[in-house]
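Since the structure comes first, as structure tokens, the remarks are kept for the end.
We did not get these values from a lab; they are worked out from the coordinates using the rules stated. This one's a predicted model, so the numbers in the text were calculated from it and none came from an experiment. Neighbour counts run over all protein chains shown; Cβ positions are idealised from the backbone, glycine included.
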């Protein structure tokens with residue numbers, strides 16, 4: 001299995017990336033969804049892979065944790081950072097959102113390539129591209145909780161509107177570990193989790 005990091009080349013990766021060996025895929029022209037589709041054809045359908053964006057923090061013991069989940073669900077697309085403000089169980093669903101940390105089996109990546117070509121799907125944003133593909137494929141991916149990565153900062157480099165509030169999640173596994181909470185207990189400790197998030201992310205402002 002291979003780890004890819006999608007970047008425009010303008011950010012410095014967080015030191016937490018030192019936990020893994022990765023290949024950088026650089027979109028210098030900021031074409032986002034167009035480049036993402038090309039990379040599916042050139043790279044992602046060749047072998048199972050984890051695709052990461054450059055604006056995240058990886059949790060402690062990231063490699064062992066993510067590979068343990070992948071081992072159990074290796075035939076599923078898995079999103080490790082999705083619907084980040086909602087308390088949700090790990091579950092299968094059709095609706096797709098966020099691309100910070102994804103696992104793709106190569107067979108599904110090939111089906112995505114085929115779907116893009118069959119329906120001439122194009123999208124400026126990568127999440128929209130995948131959402132359209134999954135709708136056409138009627139494919140349910142796995143949303144995994146708790147989140148294994150955290151989003152850094154509010155500024156987007158790919159054309160999204162910038163945000164006034166944090167785009168991070170309360171349900172980052174490192175915060176649960178620090179407070180000695182299970183994920184099921186997290187919904188009763190939002191204030192403490194929010195404080196930890198603010199403490200961590202304010203360092204990246």
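Pairing each residue of the range 66-82 that is closer than 13 Å to residue 139 by Cβ with any residue that is in a helix (DSSP H, G or I), provided the two are 6+ apart or on different chains, yields C-beta distances under 7 Å for 77/108; 78/69; 78/70. Annotation: residue 111 fulfils all but one of (1) assigned to a loop (DSSP other than H, G, I, E, B); (2) surrounded by fewer than 22 Cβ atoms within 10 Å (Cβ to Cβ); (3) in contact with a helix residue (DSSP H, G or I) (Cβ under 7 Å, 6 or more places away or on another chain); the unmet one is (1). Could you figure out which of (1) in contact (Cβ under 8 Å) with a residue 40 or more places away in the chain; (2) farther than 25 Å from residue 189 by Cα isn't true of residue 89? So residue 89 meets the others, but not (2). I'd like to check something: does the range 106-115 contain any residue that is within 21 Å of residue 175 (Cβ to Cβ) and within 16 Å of the chain's Cα centre (by Cα)? Looking through the range 106-115, none of the residues is within 21 Å of residue 175 (Cβ to Cβ) and within 16 Å of the chain's Cα centre (by Cα).
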